[in-house]
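To start, the structure itself, in structure tokens.
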Amino acid sequence: VQLQASGGGPVQAGGSLRLSCAASGGSFRQSTVAWFRQAPGKEREFVAAIRYNSHTYYSDSVRGRFTISRDNAINMAYLQMNSLKVEDTAIYYCAADARLILSSIATARHYDYWGQGTQVTVSS
């Protein structure tokens, strides 16, 4: 699976952005798709995931503000980010893998396929 993330940019605190992840090749429909983010000097952290059955999972820091979704008909996944905070500033990566068990979906090293990342910068 090849992934391409887009949709990042500058935004003021309290604003919204929608990130997109375009997939090609592979078994997208069977894949868990996730978003991770990495801020300068920090480790890559889990943001949200959506499984093949559309069940969704979120980190505590974004639950209630972010929504992950997918459209299998066009091999796309999305991350709608509302009520953005300065601490949401990071490079956001989409990732996918068709072989993950539920207990692995929040761990970056379990994903074989990654997009190139898109920068989100939230200013106060």
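For region 83-123, a residue qualifies if it is closer than 23 Å to R29 by Cβ and assigned to a helix (DSSP H, G or I), and the qualifying residues are L102, S103, S104, A108, H110.
Taking each residue of region 102-116 that is on the phi > 0 side of the Ramachandran plot and looking for partners that are modelled with pLDDT of 95 or more and open to solvent by 70 Å² or more (accessible area, probe 1.4 Å) with beta-carbon atoms closer than 8 Å, six or more apart or interchain, yields nothing. Among strands (runs of 3 or more DSSP E) entirely within region 1-82, having at least 1 residues that are open to solvent by less than 40 Å² (accessible area, probe 1.4 Å), over 19 Å from V120 (Cα atoms) and β-branched (V, I, T) singles out 32-38, 45-50.
For region 106-124, state whether one or more residues are hydrophobic (A, V, I, L, M, F, W, C) and either under 14 Å from L3 (Cα atoms) or open to solvent by 70 Å² or more (accessible area, probe 1.4 Å) (or both). Checked region 106-124: at least one residue is hydrophobic (A, V, I, L, M, F, W, C) and either under 14 Å from L3 (Cα atoms) or open to solvent by 70 Å² or more (accessible area, probe 1.4 Å) (or both).
Can we say S31 is closer than 17 Å to Q2 by Cα and in contact (Cβ under 8 Å) with a residue 12 or more places away in the chain? Here the answer is yes, as S31 does meet what is asked.
G26 satisfies every condition listed in (1) modelled with pLDDT under 95; (2) within 17 Å of T118 (Cα to Cα); (3) not polar (S, T, N, Q) except (2). Only one of the numbered conditions (1) open to solvent by 40 Å² or more (accessible area, probe 1.4 Å); (2) without any contact (Cβ under 8 Å) to a residue 24 or more places away in the chain is not met by K85, and that is (2).
The values are calculated or read from the model by the stated rules, or taken from the named source; none is laboratory data. If you're wondering where the values come from, they're calculated on a predicted model, not measured in any experiment. A quick note on method: Cβ atoms are made from the backbone with ideal geometry, for glycine too, and the neighbour counts reach across all protein chains shown. Calculation scope for accessible area: heavy atoms of the full protein, side chains included, ligands and nucleic acids excluded. Shrake-Rupley method; radii C 1.70, N 1.55, O 1.52, S 1.80 Å.
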